[in-house]
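Read-outs throughout are calculated quantities, based only on the coordinates presented, and are distinct from any laboratory measurement. Keep in mind the model is a prediction, meaning the values are calculated, not measured. Positions of Cβ are backbone-derived with ideal geometry, glycine not excepted, and every protein chain shown enters the neighbour counts.
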């Protein structure tokens, strides 16, 4: 999501000039000082009430604070807190149309044939999309992959689950609300393809993502992992090893191929596509043989 985030304002996108951003961070820091208990809840990603308008100022300040500290500890609680919010649900619904067109016209023709072949070779008949949002891409996968017995969407935002369910998707599609990687563990297993699109895994920190890849290789084989994720300009997906933060949202530009190989997955396809001058990584990896 990072590369298209100019439409968002708070708390993830630090738009405007340096003075405007500085004033925003100072106001957020002042609000944090005035209500330290609320700020502690936001820092942990677990407020006891829904986000308030003033929370976006506090979150902007916390995000800037963590970025100055080198993203330590993880920025992920702040990112997940935002993507569970009503503001994020509204953004996803507004942007759904052109995001789907980008997938269907540019990404799908390159990725889906490789994903289909890897799933068939591995005997995968279940597909889980992590972070399907409003569900247009998952619906596309259901139309394209008639060999799938079940397709599962695991989405952190409950409002988006409701939007997709109200559309009456393919009866093979199941929708669940909660943490994407944790739900993928619960509903996955041997014979599963795991898929993410449009900027999802970029919001999980490196240790969490490394542990998930290790789980796929150790407990879900045979399995396939396919992803379409933004990466930092200049990153070499074949050689780079780290997970630096990048972009206006300070999300993570993971070395996805390195993490997959470290866990024991074999890379079937790795390519970089450009959309509006921003690089996107397309990857298909697999582990294990036929189920």
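As a proxy for reagent exposure, 164, 140, 254, 147 were ordered by neighbouring Cβ count within 10 angstrom, fewest first; the result is 147, 140, 164, 254. Region 90-121 and region 242-281 have Cα centres spaced 16 Å apart.
When the Gaussian network model of the chain links Cα atoms closer than 10 Å, the mean-square fluctuations of 233, 279, 77 top out at 233. Taking every DSSP helix (H) stretch of at least 4 residues in the chain, weighting each as -39,500 (n - 2.57) and dividing the sum by the residue count yields a mean residue ellipticity at 222 nm of -14000 deg cm²/dmol.
What percent do you get for the relative contact order of the chain when only Cα pairs under 8 Å and 6+ apart count? Let's see the in-between values first.
Values: 514 pairs, mean separation 53.9, N = 291.
Worked out over the chain, it gives 19 percent.
Using only Cα atoms, tell me the angle between helix 18-34 and the longest principal axis of the chain; keep it within 0 to 90° and round to the nearest 10. Relative to the chain, helix 18-34 is tipped by roughly 80 degrees.
Antiparallel beta bridges, as assigned by DSSP with both residues in the chain, represent about 50 percent of the total such bridges. Rounded, prolate or oblate: which one fits region 136-183, using the alpha carbon gyration tensor with axes a ≥ b ≥ c (rounded when a/c is under 1.5, else prolate when a/b beats b/c, else oblate)? Verdict is oblate for region 136-183. Counting only DSSP beta bridges with both residues in region 105-258, the antiparallel share comes to about 10 percent. Sorting 137, 114 by the number of Cβ atoms found within 10 Å of their own Cβ, with the fewest placed first, yields 114, 137. Going by a ≥ b ≥ c, the root eigenvalues of the Cα gyration tensor, does region 152-291 fall in the rounded group (a/c under 1.5), the prolate group (a/b larger than b/c) or the oblate group? Oblate is the answer for region 152-291, as a/c is 1.5 or above yet b/c matches or exceeds a/b.
Rounded, prolate or oblate, given the Cα gyration tensor of region 241-291, with a/c below 1.5 counting as rounded? Let's see the in-between values first.
Values: a/c = 3.38, a/b = 1.74, b/c = 1.94.
Judged from the Cα gyration tensor, region 241-291 comes out oblate (a/c at least 1.5, b/c at or above a/b).
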